[in-house]
Amino acid sequence: MALTRREFLKGISLTVAALGLPAEFIPRMVQAAMAKKRPPVIWLHFQECTGCTETLLRASHPDVAKLIFELISLDYHETIMAAAGHQAEKSLHDSVQANKGKYICVVEGGIPTADKGIHCKIAGKTGVQIIKEVANNAAAVIAIGTCAAFGGVQAAKPNPTRVKSAGDLIKGPPVVNIPGCPPNPANFLGFILHYLTFGKLPALDKLGRPKFAYGRLIHDHCERRAHFDDGRYAEEFGGEGHKLGYCLYKLGCKGPQTYANCPTARFNDVGAWPVGIGHGCAGCTEPGFWDNGSFYERLPEIAGLKVDEAGGKATGAVAVAAGVHAVAGVGRKLAKAKGGK
Amino acid sequence: MVKITVDPVTRLEGHLRIDAEVSGGKIKKAWSSGQMWRGIENILKGRDPRDAWMFTQRICGVCTTVHALASVRSVENALGMEVPLNAQLIRNLTQSLHALHDHIVHFYILSALDWVDVISAAGADPKAASSLAQSLSDWPNNSIKRMKAVKKQLNDLVASGQLGPFANGYWGHPAMKLPPEVNLMAVSHYLEALDYQRKANEALAIIAGKTPHVQNVIVGGVATAINLDNEATLNIERLYRIKSLLEEVDGFIKNVYLVDVCAIGALYAAWLPYGKGVTNYLSVPDMPLDTKGEKFDLPGGTIMSGKLDSMKSIKSFNDPYFGKNVAESIAHSWYNGDWSKHPYEEETAPKYTDFNADAKYSWMKSPTFKGKPMQVGPLAQVLAGVATGDKLTMKYANKALKLISAVAGVKVGAEILHSTIGRHAARAIRCAMMSDLALKHWELLVANIAKGDLEIFNPPTFPKGEQRGYGFHEAPRGALSHWIIIKNGKIDNYQCVVPSTWNACPRNGKERPGPYEASLVGNPIADETKPLEILRTIHSFDPCIACAVHMVDPAGGELAKIKVL
Ligand code: SF4
């Protein structure tokens, strides 16, 4: 893509003219064009609810203004871009052409594949086509949210539009999953900052999730864990145990099988997270969490141990006592708890 | 005659396409088409009704909270349940705090760029911008220093050649009329809006666990544990943190947002005649003050043909006037057949047949009330308040109209609200009302807790057999309702009739256009290749298309290519 100096200057003058700016902007733009570019980012939306984008509006370090004005060049993002229709399409096309193989592509949403993908179209193209043209030409792809990472809510049974994840369809660039419904913005931004600062991907788990955010079970760092271990459970919303901040396992908490940093990263800069206010973890960073039973039914199994319906008694208790402690000190306490009192 | 298509319509949630016929510089006819379909309602079949809110909230992350509220209300309505007063008040705080964030974001991030020329702001005089802003309000952050800093930030961005989201905007468009100083002031407030919407969310997260997608609303009440003597629950420290954040946001809403909308609206006074469209209005009462849902702080009801004296109030969560009169038509929607049915009776067989303006052209259905298309949203709600003489509505409606009159230099009354700009003004009025109400319901909650009431939950029980119920909620985008049929404790049918479907729907069985389509007719178009004016009117409704199209069936038609004109 080597431009001659004349072409280059001409391009700049055209840009300045197109923007209706005075000619004095030309030298500044030339200078800027020679300087280090902010890395281009193209953000695609498919079958989603825009919650992942909304979550970015809640981020504070960096906040969204710093992110888009200083750290990255957000060349295409349907929710916030000024342009629409043909002008929006032009922004997308321009950036893909100019930055082929160099841009970061963010995918928000699952991609429907039933009936050749007609259930989601943008500018007349199906999601599947757009993935091919845009995502496959990126340097790296971030699948933000559980929809892009694992299909999400529209992929819940019976998955009517046969939704696939970004990773299922993308060929070529590495795909990093940042699941969550929506994910903590710190996890998305953490990835971006890591990538820009160290120039490489962070360590990922086997589901393609960065270990810095999805390395441990919620249950491992949960503030209510001591109550779990000692058998103090909330039995009903608003009940005694609930009012005392006891463990939410019996109210359906999925923390024991969910990998995420919610208890350490927290949300919205006020130290909040769902378990913190009294609602069990929904398990939203895991594939298929929509089909793992009711959000209000206790997990039948913890760390491989079947838990007796009647009273939190682990049927694997003997094995635990024999020293499978590493998998589940939990089982021991649960067994001891007998009825969870 | 020129035919134009805007696809994608950006700065909104979801995938929307607008087609319009233009001649003599005006829109003659328009079509609104939803371009995405997910099938949440079908996914709900056979599931536990207590889980429905968790799914439906994922219909939309912009209108997060609203589908959670409507969903739990529908299940409670089917079971004939009440919720404890604390739960009602925490839900009210949840909805009002969310609304503050939502309205601020809508004006500044999603629609201001239709009126404000960012590039023109780069050439503004910061001194003049500051004195102009100070003449409108005494907001401390309108100083010369601030305006200078914003101008520099903007110039640096422009000079970088990487305009990011501002690239290819409609800068210098003939319909952009604001002087550079007003543009600079607006850009400064755009950046501040990002901070204040975040604060509203911080307050919300304290009671809701997180946002977007709150996790405190449950069938029977809320999950937010209250205990003044515990560090892990809603206690006085958490309550006061909510209040302080709320007060900061309140300042921005009253001194900046409401003022900007009125001032910019007045400077675009030439636009006041445009964008009226459908003048049947529907709103539902909300912010309940009791456990049953019979007394409310926000009035709601219907107004027909723009006549305020036709106002008929909806009185309770059970009012049959609402329950009986909603229907949906599929005459122009990509579903098999041509019927109009009550939500309980709907069954859906999708049939995609390409965009065909004379036949079927959208995934959205066409909702009707007593057979008529209705406009929903803050405008409908504010008009209901004006029609019933609601004090709080009048307080801010009068303030807004006074300010618009002062800046425009002509006296205007409530009739100007039936317009593109009027929808923005009504949203700002509602936002100021919601800010007052958030503070009021915070006080009510504290007072109730002070009485020793810590109840937050009535456990639901699901009897054998069939129960039907609906739950409505006056969401930031207008009247939302969920309709559920429960059979033996499982969901048998679930339908959502959402604000953006009311507004963005295609023509109904009687060929009556929906509110978007009707409101575009007569809009000027200065340059058909850059249809900025379409965005203005569409954005004034605050579209949310993921909400509007949420039905799906495993069947589905063949792909026929959509032509982008
Ligand atoms: S079950 Fe849930 S609430 Fe209890 S300790 Fe584990 S993660 Fe925390």
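Residues that are on the phi < 0 side of the Ramachandran plot, open to solvent by less than 10 Å² (accessible area, probe 1.4 Å) and not β-branched (Val, Ile, Thr) were ranked within segment A:248-259; the one that is farthest from the ligand (Cβ to nearest atom) is A:Lys254. On the given criteria, is A:Tyr296 open to solvent by less than 50 Å² (accessible area, probe 1.4 Å), among the aromatic types (Phe, Trp, Tyr) and near the ligand (Cβ under 10 Å from one of its atoms)? Spelling it out, it is not the case that A:Tyr296 is open to solvent by less than 50 Å² (accessible area, probe 1.4 Å), among the aromatic types (Phe, Trp, Tyr) and near the ligand (Cβ under 10 Å from one of its atoms). Of the residues making up segment B:137-163, those that are touching a helix residue (DSSP H, G or I) at 6+ places or on another chain (Cβ under 8 Å) and of a type in the set (Lys, Arg) number 3. Scanning segment B:141-181 for residues that are in a helix (DSSP H, G or I) and in contact with a Ser or Thr (Cβ under 7 Å, 6 or more places away or on another chain) yields B:Asn142, B:Ile144, B:Arg146, B:Met147, B:Val150, B:Gly164, B:Pro180. Can you confirm whether segment A:311-326 contains a residue that is crowded, with 24+ Cβ neighbours inside 10 Å, under 19 Å from A:Arg224 (Cβ atoms), more than 12 Å from the ligand (Cβ to nearest atom) and at pLDDT below 95? So far as segment A:311-326 goes, yes, one or more of its residues are crowded, with 24+ Cβ neighbours inside 10 Å, under 19 Å from A:Arg224 (Cβ atoms), more than 12 Å from the ligand (Cβ to nearest atom) and at pLDDT below 95.
Number of residues in segment B:473-505 that are among the hydroxyl-bearing types (Ser, Thr, Tyr) and within 12 Å of the chain's Cα centre (by Cα) equals 2.
Quick check on A:Ala143: is it closer than 26 Å to B:Trp53 by Cα, more than 9 Å from every other protein chain (Cβ to nearest Cβ), in a helix (DSSP H, G or I) and in contact with a helix residue (DSSP H, G or I) (Cβ under 7 Å, 6 or more places away or on another chain)?
No; evaluated as a whole, the condition is false for this residue.
Listed conditions (1) more than 30 Å from A:Glu70 (Cα to Cα); (2) within 16 Å of the ligand (Cβ to nearest atom); (3) touching a residue at least 60 places away in the same chain (Cβ under 8 Å) are all met by A:Gly180, apart from (1). Residues of segment B:440-476 that are within 14 Å of chain A (Cβ to nearest Cβ) and among the β-branched types (Val, Ile, Thr): B:Ile449, B:Ile456, B:Thr461.
Within segment A:233-243, restricting attention to residues that are among the small types (Gly, Ala, Ser) and within 13 Å of the ligand (Cβ to nearest atom), the residue that is farthest from the other protein chains (Cβ to nearest Cβ) is A:Gly241. Select from segment B:113-128 the residues that are within 22 Å of B:Ser160 (Cβ to Cβ) and assigned to a helix (DSSP H, G or I) and write down the one among them that is farthest from the other protein chains (Cβ to nearest Cβ). This residue is B:Pro126.
Just one of the numbered conditions (1) under 23 Å from the mean Cα position of the chain (by Cα); (2) of a type in the set (Asp, Glu); (3) within 12 Å of the ligand (Cβ to nearest atom) is not true of A:Asp269: (3). Looking across segment A:190-216, just one residue is within 16 Å of the ligand (Cβ to nearest atom) and crowded, with 17+ Cβ neighbours inside 10 Å, and that is A:Tyr214.
Determine whether segment A:217-232 contains at least one residue that is more than 11 Å from the ligand (Cβ to nearest atom) and open to solvent by 10 Å² or more (accessible area, probe 1.4 Å). No, segment A:217-232 contains no residue that is more than 11 Å from the ligand (Cβ to nearest atom) and open to solvent by 10 Å² or more (accessible area, probe 1.4 Å).
Against the conditions (1) in contact with a Pro (Cβ under 7 Å, 6 or more places away or on another chain); (2) more than 14 Å from every other protein chain (Cβ to nearest Cβ), A:Cys222 satisfies every one except (2).
The values are calculated or read from the model by the stated rules, or taken from the named source; none is laboratory data. Just so you know, these numbers come straight off a predicted model, no measurement behind them. When we count neighbours, we look across all protein chains shown, and the Cβ atoms used for this are built from the backbone with ideal geometry, even at glycine. For accessibility, only protein heavy atoms count, side chains too; no ligands or nucleic acids. Shrake-Rupley method; radii C 1.70, N 1.55, O 1.52, S 1.80 Å.
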